[in-house]
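*Asks:* Please find one structure pasted underneath; my questions will follow.
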């Protein structure tokens with residue numbers, strides 16, 4: 001089944017404890033992206049990667065890192081989480097053709113709480 | 001630089017039509033539309049590219065005015081399944097997507 005998977009789905013952690021949220025897609029998509037969703041603010045892009053060689057900051061990259069060592073995986077790293085990073089996180093992937101990317105397929109989401 | 005969506009919320013009866021607007025202050029490469037139901041991930045509806053190419057859902061149409069940097073999503077003959085929050089995403093740089101705050105659509109029987 002074509003899908004984007006995220007792990008873990010739920011995570012409660014403490015301030016300052018490094019964590020990684022994994023994202024994997026099995027559709028051979030070039031484009032991958034991370035979003036956070038907070039009530040009233042919609043979806044905000046954290047980082048995106050057009051392909052394995054190109055990764056760039058989205059609208060809210062502060063406090064996050066990403067790694068794109070292979071096409072299928074795009075982990076999100078929080079080196080020192082803080083309570084303001086409590087949010088619902090979505091990973092997404094998209095087929096691309098040249099400089100264009102198309103429909104994004106979203107993972108199921110990871111609900112992160114930082115205390 | 002977040003695009004402005006209007007209306008913020010709308011209530012319809014089954015069979016009625018609705019238009020959701022998305023306006024950006026920046027020049028756009030493309031506009032993307034997604035629908036999200038409560039507790040679920042967003043689902044792709046439509047993409048509109050500069051130059052007029054469209055790709056998306058059969059029962060939903062949209063327009064993109066490149067000069068005004070505005071897009072509209074047209075929902076005709078609404079069904080109960082159309083309920084959810086609609087987001088427009090504006091591609092302001094190659095691959096960089098800024099989403100609006102969402103329009104909550106509720107379809108009543």
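The values are calculated or read from the model by the stated rules, or taken from the named source; none is laboratory data. Remember, it's a predicted structure, so these values are computed and weren't measured experimentally. Every residue, glycine among them, receives a Cβ derived from its backbone with ideal geometry; neighbour counts consider all protein chains shown.
*Asks:* Within region B:69-109, count every residue that is assigned to a strand (DSSP E or B) and touching a residue at least 24 places away in the same chain (Cβ under 8 Å). Before the answer, list the steps.
*Replies:* Of region B:69-109, the ones assigned to a strand (DSSP E or B) are B:70-75, B:84-93, B:96-99, B:103-108.
Still in the list and also touching a residue at least 24 places away in the same chain (Cβ under 8 Å): B:70-75, B:84-93, B:97-99, B:103-108.
Of the residues in region B:69-109, 25 are assigned to a strand (DSSP E or B) and touching a residue at least 24 places away in the same chain (Cβ under 8 Å).
*Asks:* For region A:59-66, check the following and say yes or no: at least one residue is closer than 23 Å to residue B:32 by Cβ and modelled with pLDDT under 95.
*Replies:* We begin by selecting, within region A:59-66, every residue closer than 23 Å to residue B:32 by Cβ; these are A:59-61, A:64, A:66.
Retained after the next criterion (residues that are modelled with pLDDT under 95): A:59.
Yes, the conditions are met somewhere in region A:59-66.
*Asks:* Any chance region A:39-51 includes a residue that's away from chain B (no Cβ under 11 Å), more than 22 Å from residue B:102 (Cβ to Cβ), modelled with pLDDT under 95 and surrounded by fewer than 20 Cβ atoms within 10 Å (Cβ to Cβ)?
*Replies:* no
*Asks:* Among the listed residues B:49, B:97, which satisfies the condition of being within 14 Å of chain A (Cβ to nearest Cβ), surrounded by 13 or more Cβ atoms within 10 Å (Cβ to Cβ), modelled with pLDDT of 90 or more and over 13 Å from the mean Cα position of the chain (by Cα)?
*Replies:* B:97
*Asks:* How many residues are touching a helix residue (DSSP H, G or I) at 6+ places or on another chain (Cβ under 9 Å) and either surrounded by fewer than 12 Cβ atoms within 10 Å (Cβ to Cβ) or under 11 Å from residue B:108 (Cβ atoms) (or both) if we restrict to region B:8-22?
*Replies:* Looking only at that region, the number is 2.
*Asks:* Next question, about the same structure. State whether one or more residues within region B:69-89 are within 10 Å of another protein chain (Cβ to nearest Cβ), buried (at least 18 other Cβ atoms within 10 Å of the Cβ) and over 15 Å from the mean Cα position of the chain (by Cα).
*Replies:* Taking every residue of region B:69-89 in turn, none turns out to be within 10 Å of another protein chain (Cβ to nearest Cβ), buried (at least 18 other Cβ atoms within 10 Å of the Cβ) and over 15 Å from the mean Cα position of the chain (by Cα).
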